[in-house]
Amino acid sequence: QVQLVESGGGLVQAGGSLRLSCAASGRTSSNYDMGWFRQAPGKEREFVAVSRSGTSPYYAESVKGRFTISRDNAKNTVYLQMNSLKPEDTAVYYCAARSLGWTYRTKSTDYDYWGQGTQVTVSS
């Protein structure tokens, strides 16, 4: 069992930056793929990025080059550094975890554990 708690959301102007954190407890995050998803009002939850130890992360095309996922296994924490934010990045951001598999997964239904979400609002 894994418990996930996100933090770091807030209100930022377009072009600004935010860093989200996801603290994991219960099991060590190094045994899991750790991902970020987001959900805007009226839209489905969508994949943002995923990371596992020892492997290059994978990003959605919409955030590639602007967002960076990283992890500190000693702290059991995953981060999402978001730069050059756009109004369309506005959403509730969720941290998620799934047991390691052969490949990365980008569907929310493939993830077993979820945080409560943190709101990110980008003003134009």
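The values are calculated or read from the model by the stated rules, or taken from the named source; none is laboratory data. As the structure is a prediction and not an experimental result, all values here were calculated from the model. Backbone-built Cβ (ideal geometry, glycine too); neighbour counts: all protein chains shown. For the accessible areas, the whole protein counts, side chains as well, though only heavy atoms, and no ligand, DNA or RNA atoms are used. Shrake-Rupley method; radii C 1.70, N 1.55, O 1.52, S 1.80 Å.
The figures follow:
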| quantity | calculated |
| --- | --- |
| Evaluation of Val12 against (1) part of a loop (DSSP other than H, G, I, E, B); (2) more than 15 Å from the chain's Cα centre (by Cα) (one fails), failing number | (1) |
| Residue count for the stretch 88-102, restricted to those that are open to solvent by 50 Å² or more (accessible area, probe 1.4 Å) and part of a strand (DSSP E or B) | 1 |
| Residue match in the stretch 72-80 (condition: under 14 Å from the mean Cα position of the chain (by Cα), crowded, with 18+ Cβ neighbours inside 10 Å and within 21 Å of Leu11 (Cβ to Cβ)) | yes |
| Single condition Val5 does not satisfy, out of (1) over 14 Å from the mean Cα position of the chain (by Cα); (2) among the aliphatic types (A, V, I, L, M); (3) open to solvent by 60 Å² or more (accessible area, probe 1.4 Å) | (1) |
| Hey, Val63 among the hydrophobic types (A, V, I, L, M, F, W, C) and open to solvent by 50 Å² or more (accessible area, probe 1.4 Å) or not | no |
| Yes/no for Arg105 being touching a Lys or Arg at 6+ places or on another chain (Cβ under 8 Å) and either closer than 16 Å to Ser30 by Cα or outside any strand (DSSP E or B) (or both) | yes |
